[in-house]
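S.K.: For reference, the structure I am asking about is given below.
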Amino acid sequence: PCQVVVLISGNGSNLQAIIDHSQAGGYQLAAVISNRADAYGLERATRSDIPTRVLDHKTFSSREAFDGQLMQEIDAFDPDLVVLAGFMRILSSGFVEHYAGRLLNIHPSLLPAYKGTQTHQRVLDAGELQHGASVHFVTAELDGGPVIRQAAIAITSNDTAESLAQRVAIEEHKIYPEVVSWFASGRLLMDADGILLDEQRLPTCGVQ
Ligand code: GAR
């Protein structure tokens, strides 16, 4: 099946959802790579017998040097797809181009609104009525690649940044594994005009 490498920096709850859906979704996790040695997601991977690597960005002199080594670590597993799941590093254009069309991210907002960090608090501060999460292909523009799937939640007067984070996470865990399985079955492609979701496409990896 389709081989997936997941990059994390922390808790890894999206990683867990992707692990849990892997058999039904027709893909396999080849490795989990973290830029932080203390990321809880590494324990989740180990528990599921998935190989892990740690690459500490603080030990590199530049972003390009870190990204170059990261590419080597990833490519050693020869993945069909690279999935960013709470990976809190900006990636250089060389990295993004190397994985063009096979690099996914999840972002905690209804893109193109609220790119960047602190999305839950910023949404509250702005008095928004709706919030959510977006899965998108990664391009050189930060949080700017073509959106594949979104999930929305209604904001209530009782919501806090913390409650929004929890409710958005629940939605993320539903949509991200599903998008990974779309990619694995060849239904999902990025081309020059954006994304295609098409049952007629040839499998991009691992014929089911
Ligand atoms: C998720 O909410 C994800 O959308 C967000 O980090 C969280 C990771 O949680 N990603 C970003 O903010 C990317 N800029 P997890 O480690 O439990 O999956």
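S.K.: Going by what's in this entry, would A76 be described as open to solvent by 50 Å² or more (accessible area, probe 1.4 Å) and farther than 18 Å from T139 by Cβ?
M.R.: Spelling it out, A76 is indeed open to solvent by 50 Å² or more (accessible area, probe 1.4 Å) and farther than 18 Å from T139 by Cβ.
S.K.: While we're on this one: In the set I8, I18, I33, which member is more than 12 Å from the ligand (Cβ to nearest atom), surrounded by 17 or more Cβ atoms within 10 Å (Cβ to Cβ) and under 12 Å from A85 (Cα atoms)? Write out each step before concluding.
M.R.: Values: I8 fails: more than 12 Å from the ligand (Cβ to nearest atom); I18 fails: more than 12 Å from the ligand (Cβ to nearest atom).
On inspection, the qualifying residue turns out to be I33.
S.K.: Could you list, in sequence order, the residues of the range 44-70 that are without any contact (Cβ under 8 Å) to a residue 12 or more places away in the chain and of a type in the set (D, E, K, R)?
M.R.: Those that are without any contact (Cβ under 8 Å) to a residue 12 or more places away in the chain and of a type in the set (D, E, K, R): R47, D49, K58.
S.K.: Another one. Can you find a residue in the range 111-130 that is buried (at least 18 other Cβ atoms within 10 Å of the Cβ), assigned to a helix (DSSP H, G or I) and in contact with a Lys or Arg (Cβ under 8 Å, 6 or more places away or on another chain)?
M.R.: Within the range 111-130, not a single residue is buried (at least 18 other Cβ atoms within 10 Å of the Cβ), assigned to a helix (DSSP H, G or I) and in contact with a Lys or Arg (Cβ under 8 Å, 6 or more places away or on another chain).
S.K.: Go through the range 36-62 and give me each residue that's open to solvent by 90 Å² or more (accessible area, probe 1.4 Å) and away from the ligand (no atom under 16 Å from the Cβ).
M.R.: D49, R53, K58, T59, S61
S.K.: Mind checking which residues of the range 26-70 are at positive phi and in contact with a helix residue (DSSP H, G or I) (Cβ under 6 Å, 6 or more places away or on another chain)?
M.R.: G26
S.K.: Answer yes or no as to whether G145 is in contact with a Phe, Trp or Tyr (Cβ under 8 Å, 6 or more places away or on another chain) and at positive phi. Can you show your working first?
M.R.: Numbers: in contact with a Phe, Trp or Tyr (Cβ under 8 Å, 6 or more places away or on another chain): yes; at positive phi: no.
In short, no.
S.K.: Quick check, is V135 more than 29 Å from T156 (Cα to Cα) and within 15 Å of the chain's Cα centre (by Cα)?
M.R.: Taking the combined requirement at face value, the residue does not satisfy it.
S.K.: Check the range 157-168 and report whether any residue there is at pLDDT 95 or above, closer than 23 Å to M190 by Cα and open to solvent by 10 Å² or more (accessible area, probe 1.4 Å).
M.R.: No, because not a single residue in the range 157-168 is at pLDDT 95 or above, closer than 23 Å to M190 by Cα and open to solvent by 10 Å² or more (accessible area, probe 1.4 Å).
S.K.: For the range 80-108, how many residues are within 11 Å of the ligand (Cβ to nearest atom) and out of contact with any Asp or Glu (no Cβ under 8 Å at 6 or more places or on another chain)?
M.R.: Qualifying residue count, the range 80-108: 8.
S.K.: When only residues in the range 131-153 that are among the charged types (D, E, K, R) and either open to solvent by 40 Å² or more (accessible area, probe 1.4 Å) or within 17 Å of P177 (Cβ to Cβ) (or both) count, which is modelled with the highest pLDDT?
M.R.: So, considering only residues that are among the charged types (D, E, K, R) and either open to solvent by 40 Å² or more (accessible area, probe 1.4 Å) or within 17 Å of P177 (Cβ to Cβ) (or both), the one modelled with the highest pLDDT is R149.
The values are calculated or read from the model by the stated rules, or taken from the named source; none is laboratory data. Bear in mind that the values here come from a model prediction, so they are computed numbers and not experimental data. In this analysis, Cβ positions are derived from the backbone assuming ideal geometry, glycine residues included, and neighbour counts consider all displayed protein chains. To get the accessible areas, we keep the full protein, side chains included, count just its heavy atoms, and leave off ligands, DNA and RNA. Shrake-Rupley method; radii C 1.70, N 1.55, O 1.52, S 1.80 Å.
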